[in-house]
Amino acid sequence: KKIGLWYAHGKVSFSLKVAEKLTDLIFTSTVEGCRLNSNKIRIVGQGIDIEKFKVQSDSDSCHPRPRRARINSSGDPEISSKLKVTGDIFKIITIGRISPAKDYETLIRAAEILKKENLRFRIEIIGGVGAPEQEKYLSELKKMVADLGLGEEVIFAGGIPHEEIMNYLAAANLFANMSQTGSLDKAILEAMAAGLSVVTSNEAAVKMLSAFAEQMVFPQKDFRTLAERIKFFIKLSNSERIKYGESLRKIVETEHGLKGLIEKIIKNYA
């Protein structure tokens with residue numbers, strides 16, 4: 001039987017080089033997800049269950065997006081997101097482990113610019129820590145937020161179960177990603193599948209979003225351009241943002257849908 005390996009990371013490790021010799025096929029999500037020089041590599045997309053991330057449209061308004069309710073233990077609907085804001089406050093979300101590779105400093109610096117321009121927004125950073133150095137990084141980020149006077153605008157929500165991610169995405173207006181991992185973050189695709197507009201400097205995502213580069217892409221660590229990208233979406237009407245979101249969802253369905261992933265993998269085993 002053929003042995004297949006799934007690998008999606010920008011790093012080419014020694015273990016990957018060994019694994020390449022022992023497997024028949026290497027499946028990866030994008031070109032950037034496996035940077036070995038090997039004829040065993042098959043690019044098959046990420047495999048996102050787009051139905052799981054479907055958000056029903058709501059009536060147009062300035063900033064709000066429709067929220068998906070979660071039923072609590074008492075049987076009453078609730079919203080799991082800590083972004084309990086309404087009206088004209090623009091809601092930005094980012095999801096990923098608390099690690100320097102995620103470059104949260106750039107988003108915080110962009111928030112400083114937005115606040116100085118008197119824009120009403122709230123940023124929620126969702127992600128946990130798993131190592132002592134990450135705890136230190138989180139403390140540094142919180143100090144940075146406090147020093148810049150952004151305590152009301154930037155929230156550290158901690159880690160959450162993956163099954164609750166949809167509640168957070170449905171409550172947001174924009175997804176931000178500053179990742180420097182070199183591979184395509186699944187969180188970006190999940191946000192796109194939920195019809196959420198995104199801004200990113202992720203190397204692998206830049207190619208995927210080439211048609212929307214002027215609206216959604218910014219150079220790594222360039223917080224000034226990131227602030228401009230966010231302002232672009234703040235100024236859009238909700239209906240205009242929904243149109244962008246529909247286009248992004250279609251990209252995920254076509255290039256990274258779960259059904260397509262299964263079909264591509266099976267084809268390689270035929």
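Data for the structure
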| quantity | calculated |
| --- | --- |
| Among the candidates TYR269, TYR244, residue that is among the hydroxyl-bearing types (Ser, Thr, Tyr), touching a Leu at 6+ places or on another chain (Cβ under 9 Å) and in contact (Cβ under 8 Å) with a residue 60 or more places away in the chain | TYR269 |
| Residue among LEU5, LEU16, LEU25, LEU83 that alone is open to solvent by less than 20 Å² (accessible area, probe 1.4 Å) and either modelled with pLDDT under 90 or in contact with a Ser or Thr (Cβ under 6 Å, 6 or more places away or on another chain) (or both) | LEU83 |
| Single residue of LYS235, LYS259, LYS264 found to be open to solvent by 50 Å² or more (accessible area, probe 1.4 Å), over 26 Å from GLY130 (Cβ atoms) and at pLDDT below 90 | LYS259 |
| Scan of region 31-44 for residues that are within 27 Å of MET166 (Cα to Cα), modelled with pLDDT of 90 or more and either open to solvent by less than 40 Å² (accessible area, probe 1.4 Å) or part of a loop (DSSP other than H, G, I, E, B) (or both), ordered by number | VAL44 |
| Single condition PHE175 does not satisfy, out of (1) hydrophobic (A, V, I, L, M, F, W, C); (2) open to solvent by less than 60 Å² (accessible area, probe 1.4 Å); (3) over 15 Å from the mean Cα position of the chain (by Cα) | (3) |
| Among residues of region 135-156, those that are outside any loop (DSSP other than H, G, I, E, B) and out of contact with any helix residue (DSSP H, G or I) (no Cβ under 8 Å at 6 or more places or on another chain), counted | 10 |
| Given (1) at pLDDT below 50; (2) open to solvent by 80 Å² or more (accessible area, probe 1.4 Å); (3) within 27 Å of PHE90 (Cα to Cα), index of the condition GLN56 fails | (1) |
| Residue in region 149-170 that is surrounded by 17 or more Cβ atoms within 10 Å (Cβ to Cβ) and polar (S, T, N, Q) present | yes |
| Cβ-Cβ under 6 Å pairs, at least 6 apart or on other chains, region 159-173 side aromatic (Phe, Trp, Tyr) and assigned to a helix (DSSP H, G or I), far side open to solvent by less than 40 Å² (accessible area, probe 1.4 Å) and modelled with pLDDT under 90 | TYR168/SER81 |
| Region 86-122, subset within 17 Å of the chain's Cα centre (by Cα) and of a type in the set (S, T, N, Q), residue modelled with the lowest pLDDT | SER99 |
| Test set (1) assigned to a helix (DSSP H, G or I); (2) open to solvent by 50 Å² or more (accessible area, probe 1.4 Å) - PRO219 fails condition number | (1) |
| Criterion: open to solvent by 10 Å² or more (accessible area, probe 1.4 Å) and in contact with a strand residue (DSSP E or B) (Cβ under 6 Å, 6 or more places away or on another chain) - qualifying residue of ARG229, ARG224 | ARG229 |
| Members of region 187-214 found to be crowded, with 17+ Cβ neighbours inside 10 Å and either farther than 18 Å from ILE48 by Cα or at pLDDT below 90 (or both), listed by number | VAL199, THR200, SER201, ASN202, GLU203, ALA204, ALA205, VAL206, MET208 |
| Where a residue in region 20-47 is of a type in the set (Gly, Ala, Ser) and its partner, wherever it lies, is open to solvent by 30 Å² or more (accessible area, probe 1.4 Å), with Cβ under 6 Å and at least six apart | SER29/ALA8; GLY33/ALA8; GLY45/GLU255; GLY47/LEU258 |
| Of all residues making up region 123-147, the number that are of a type in the set (D, E, K, R) and either in contact with a strand residue (DSSP E or B) (Cβ under 9 Å, 6 or more places away or on another chain) or at pLDDT 95 or above (or both) | 5 |
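The values are calculated or read from the model by the stated rules, or taken from the named source; none is laboratory data. Being a predicted model, the structure only gives us computed values, none of them experimental. Glycine gets a Cβ as well: all are built from the backbone with ideal geometry, and neighbour counts include every protein chain shown. When the accessible area is computed, the model is the full protein with side chains, heavy atoms only, and any ligands, DNA or RNA have been set aside. Shrake-Rupley method; radii C 1.70, N 1.55, O 1.52, S 1.80 Å.
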